[in-house]
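*Asks:* My questions all concern the structure below.
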Amino acid sequence: MTSAVTFTACAFDSGFGQDASPFVPRQPAVFETALPIPPLAESEVVDGVRVFSLTAQEGRTQFIDGMTTPTWGFNGAYLGPTLRARRDEKVAVEVTNALAETTTVHWHGMHLPAAMDGGPHQPIEPGGRWRPEWRVDQPAATLWYHPHPHGDTEEHVLRGLAGMFILDDDQSQTYGLPQDYGVDDIPLIVQDKKFLADGRFQLDSQGNEVGLLGDVVLTNGAWGAVFDVTTELVRLRILNGSSARTYDFAFDDGRDFSLVGTDGGLLETPHSTDHVRLSPGERAEVVVGLAPGSQAMLRSLPPDLGAVAVPSAYGGLDDFDVLLLRAADQLQPSAPLADRFAAIPRFAADDADTSRTFEVQNREINGRRMDMDRIDEVMQIDTTELWEVTNLDLFPHNWHVHDVQFQVVDIDGSTPGPELRGWKDTIYLEPRRIYRIMMRFEDYVDDEKPYMIHCHLLLHEDEGLMSQFIVSRDDARRNVGDTDGNGGHGH
Ligand SMILES: [Cu+2]
């Protein structure tokens, strides 16, 4: 059976039945749907600014034979194009909201002014436009974009609003990394979905503590996808774009691959491993080699969620086939992979100007839920901070910080493994462990517009597991948030 994927844009949404019974999937017996590659977004350089255009719109998509699903997408019916820019370029995005409800577009992982961040304070009304502009000023990385309207993020992402934002720099293209987009440099947006029998997405979590866990895993919008490999090495830029599920990516034959990058850029050296865990919002860049004429299935194994109470309820026992890699009988030679990438300047705990403690529990950070009108923390510009972050629950959370990329100093006092030695903007929080992370606040000051810190399990974020910080130059403001996560108040 072939599951053809067709993306069809349309301006309205009607004609869907009332059958709210669940669709019961079977793992596709054959992986033979060609992997869709999100197109590279077109752009135009105007007065030295590279300008992209994104329109959030409704459409319909066929993911499964015989079923049509109402979906949302950017510039199409589902997902969005891949934006790509170089370090030091000025970029702008003309965002148009053609949906019937207010949304936002957040540039996940991007260092940029708070007013351009696309969080809950930059709403775009139906029919409205928004044009953020900033200078790309961070290392090459695989970032992404998605809506961030307070209370509705899970639904908007589940409906299909997400895309990749790839950054390049001068060095990143000299390491022999596969970099021919769509040929040997492949974006993989992995999302689990639950379908109703009439084709609609299940859009709520049905009481699951972590949010919606789907039983159909889509890769770039395809179920049972195959990618035809034509080169000796392939780079996969894997994004966990799911709202609640954590994956542990591996190959069916247990083969090793090279983990070369994490959320905020390349590691210092390739790390040879046979699996990589990604919680919602996290990314991994991996390079894998196939022999001519061979194939390998990218799978997700049951992820180690740490000491959670009920692993089965949180997806801790689930495994899925994700993407079949099928190598041609003759492969184009790939350049040898460098054994070192750029050095990453290391933070040391002693360098911290400020320390903060964050305790995550239920839907609260330090005992408080998100309040759009309350600034929870004030960071001083040009300072380095050390945070101690703990998930006090016995179910999964993770931790995402806007504006900065951080480093993991230690976990329960131990130096983290190689997979956590690079730049991160999102990290899985195994229950009851102490994660010490460091970051530096630079370049952008705004005493009004906040950035967000939140759990990237989107149900938790929607229900208030989020707090707001500003980056300020004003020393007098510093005591609002300094060292005491409970000390903030509105302004
Ligand atoms: Cu959470």
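Since every read-out is calculated from the coordinates, none of them should be taken as a lab result. Values in this document were obtained by computation on a predicted structure and should not be read as measured data. As a convention, Cβ positions derive from the backbone with ideal geometry for all residues, glycine included, and neighbour counts pool all protein chains shown.
*Asks:* Please get the size of the charge dipole for the range 185-332, origin at its Cα centre, with Cβ charges of +1 on Lys and Arg and -1 on Asp and Glu, quoted in debye to the nearest 20. Could the numbers behind the result be given before it?
*Replies:* Working: 11 positive and 22 negative charges, 61 e Å.
Magnitude of the dipole: close to 300 debye.
*Asks:* Can you order the peptides 464-473, 165-174 by their average number of other Cβ atoms within 10 Å per residue, highest first?
*Replies:* 464-473, 165-174
*Asks:* Moving on. How big is the chain along each principal axis, measuring the range of its Cα positions in Å and listing the largest first?
*Replies:* 65, 55, 54
*Asks:* Of the options V234, Q202, S21, report the single residue whose Cα projects farthest towards the positive end of the charge dipole of the chain (beta-carbon charges: Lys, Arg +1; Asp, Glu -1).
*Replies:* Farthest along the dipole direction, towards plus: S21.
*Asks:* Between L40 and T415, how many nm apart are label points set 7 Å from Cα along the C-beta direction?
*Replies:* Label at L40, label at T415, 3.9 nm between them.
*Asks:* Which net charge results for the neighbourhood of P28, defined as the other residues with beta-carbon distances under 11 angstrom from its beta-carbon, given Lys and Arg at +1 and Asp and Glu at -1?
*Replies:* Cβ neighbours under 11 Å give a net charge of -2.
*Asks:* Shifting gears a bit: Suppose we take every Cα in the range 6-172 and form the convex hull; what volume per residue is that in Å³?
*Replies:* 140
*Asks:* Another question about this same structure. Which order do peptides 304-315, 106-117, 451-462 fall in by mean Cβ count within 10 Å, highest first?
*Replies:* Put in order of decreasing packing, that is 451-462, 106-117, 304-315.
*Asks:* Full extension from D137 to V49: what is 0.36 nm times the residue separation minus their Cα-Cα distance, to one decimal in nm? Please report the intermediate quantities before stating the final value.
*Replies:* Values: separation 88, 0.36 × 88 = 31.68 nm, distance 1.40 nm.
That pair, D137 and V49, stretches by 30.3 nm at full extension.
*Asks:* From the square roots a ≥ b ≥ c of the eigenvalues of the alpha-carbon gyration tensor of the range 129-195, which class results: rounded (a/c under 1.5), prolate (a/b over b/c), or oblate?
*Replies:* Since a/c reaches 1.5 but b/c is at least a/b, the shape of the range 129-195 is classed as oblate.
*Asks:* In nm, to one decimal, how far is the modelled label at A115 from the one at S355, with both set 7 Å along Cα→Cβ?
*Replies:* So the label points at A115 and S355 sit 3.7 nm apart.
*Asks:* Also, I was wondering about something else. Ranked highest first by the average count of other Cβ atoms within 10 Å around their residues, in what order do 333-339, 157-163, 353-359 fall? Don't skip to the answer; put the middle values down first.
*Replies:* Details: 333-339: 12.9, 157-163: 25.4, 353-359: 16.7.
Final packing ranking: 157-163, 353-359, 333-339.
*Asks:* Would you mind counting up the charge near Q468? Only other residues with Cβ under 10 Å from its Cβ, with Lys and Arg at +1 and Asp and Glu at -1. Display every interim value, and only then the final one.
*Replies:* On the way: positive: R374, K449; negative: D371, D373, D376, E377.
Its environment carries a net charge of -2.
*Asks:* So, one more: Between the alpha-carbon centers of the range 20-60 and the range 209-281, tell me the distance in whole angstrom.
*Replies:* 17
*Asks:* Could you work out the relative contact order of the range 282-427, using alpha carbon pairs under 8 angstrom and six or more residues apart, expressed as a whole percent?
*Replies:* Relative contact order, the range 282-427: 21 percent.
*Asks:* Calculate for the chain the 222 nm mean residue ellipticity that helices alone would give, adding -39,500 (n - 2.57) per DSSP H run of length 4 or more and normalising by residue count, nearest 500 deg cm²/dmol.
*Replies:* Counting only the DSSP helices, I get -500 deg cm²/dmol.
*Asks:* Going 7 Å from the Cα of Q330 toward and past its Cβ, which residues in the range 206-236 have a backbone nitrogen under 17 Å from where you end up?
*Replies:* Within reach of a label on Q330: 229-233.
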